[in-house]
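The values are calculated or read from the model by the stated rules, or taken from the named source; none is laboratory data. Just so we're clear, the structure is a prediction, and the values are computed from it rather than from any experiment. Every residue, glycine among them, receives a Cβ derived from its backbone with ideal geometry; neighbour counts consider all protein chains shown. Areas reflect the complete protein model, heavy atoms only, side chains present, ligands, DNA and RNA absent. Shrake-Rupley method; radii C 1.70, N 1.55, O 1.52, S 1.80 Å.
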Amino acid sequence: MNTIMRKSVLSVAGLAFAGGVFAGPIAAHAATPTVDAKAVAAAVQSVAPKPQGEQSHISLNDEQTANVKAIIAATKKAGLPERAAVISIATSLQESKLENLGHLGDMNDHDSLGLFQQRPSSGWGTPEQITDPAYSTTAFLKGLKQVDGWQDMPLTDAAQTVQVSAYPDAYAQWEQQATDLVGQYWNS
């Protein structure tokens, strides 16, 4: 095929493609294609965003694993998707390494407590509430739901908007481990 003919074929193909793109939604009513919307939604949901930056990982003991399961249970109870659990677990990994921390004396950051290092003085709840994994997760998720577009933003931005940390980019390093933990325990 000569160059002129090849360019002509490619031009016609390009026009056909462009016409299909622009007319597609309008012409969609003319044909009734069979598309399994549930399968498409599942395929879209299963594509997790690529973690940002270098990733950290820690081995978990039984208490930390129980806290992962508590975060997942609270997320499900709130009717939120797996992505909310990933953000919650990554946040807790950064804040407390998934340990339900009480008052740490001189090592304490102000009056921060629990899995998410929430502060009673900032309105997160009483010390007893904040150190209850179900309560503290629900409180975190309530804040997350108030963040417009949290589902589509980078994990560290969503977590930072809720937590208001002095280290806003630190949450990103836990995304892969949090994703793996949700994958492992979401259906168990």
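Among the residues of segment 97-113, the ones that are open to solvent by less than 10 Å² (accessible area, probe 1.4 Å) and at pLDDT below 95 come to 1 in all.
Here the condition is being under 16 Å from ALA74 (Cβ atoms), touching a Phe, Trp or Tyr at 6+ places or on another chain (Cβ under 8 Å), free of Cβ contacts under 8 Å to residues at least 24 places away in the same chain and crowded, with 20+ Cβ neighbours inside 10 Å; of GLN118, GLN160, it holds for GLN118 alone. Just one of ASP180, ASP152, ASP169 is among the acidic types (Asp, Glu) and more than 14 Å from the chain's Cα centre (by Cα); which is it? Step by step, each of ASP180, ASP152, ASP169 is checked, and only ASP169 is among the acidic types (Asp, Glu) and more than 14 Å from the chain's Cα centre (by Cα).
Residues that are open to solvent by 20 Å² or more (accessible area, probe 1.4 Å) and within 19 Å of GLN64 (Cα to Cα) within segment 121-133 comprise GLU128, GLN129, THR131, ASP132, PRO133, listed in sequence order. Scanning segment 134-155 for residues that are part of a helix (DSSP H, G or I), surrounded by fewer than 22 Cβ atoms within 10 Å (Cβ to Cβ) and either of a type in the set (Val, Ile, Thr) or touching a strand residue (DSSP E or B) at 6+ places or on another chain (Cβ under 8 Å) (or both) turns up THR138, ALA139.
When TYR171 is tested against (1) open to solvent by less than 50 Å² (accessible area, probe 1.4 Å); (2) more than 12 Å from VAL86 (Cα to Cα); (3) aromatic (Phe, Trp, Tyr), just one condition goes unmet, and that condition is (2). Take the residues of segment 77-96 that are under 20 Å from LEU60 (Cβ atoms) and of a type in the set (D, E, K, R): which is surrounded by the fewest Cβ atoms within 10 Å (Cβ to Cβ)? Here the residue is GLU82.
Of all residues in segment 36-58, those satisfying the criterion of being within 18 Å of TYR185 (Cα to Cα), modelled with pLDDT of 50 or more and open to solvent by less than 100 Å² (accessible area, probe 1.4 Å) are ALA48, ILE58.
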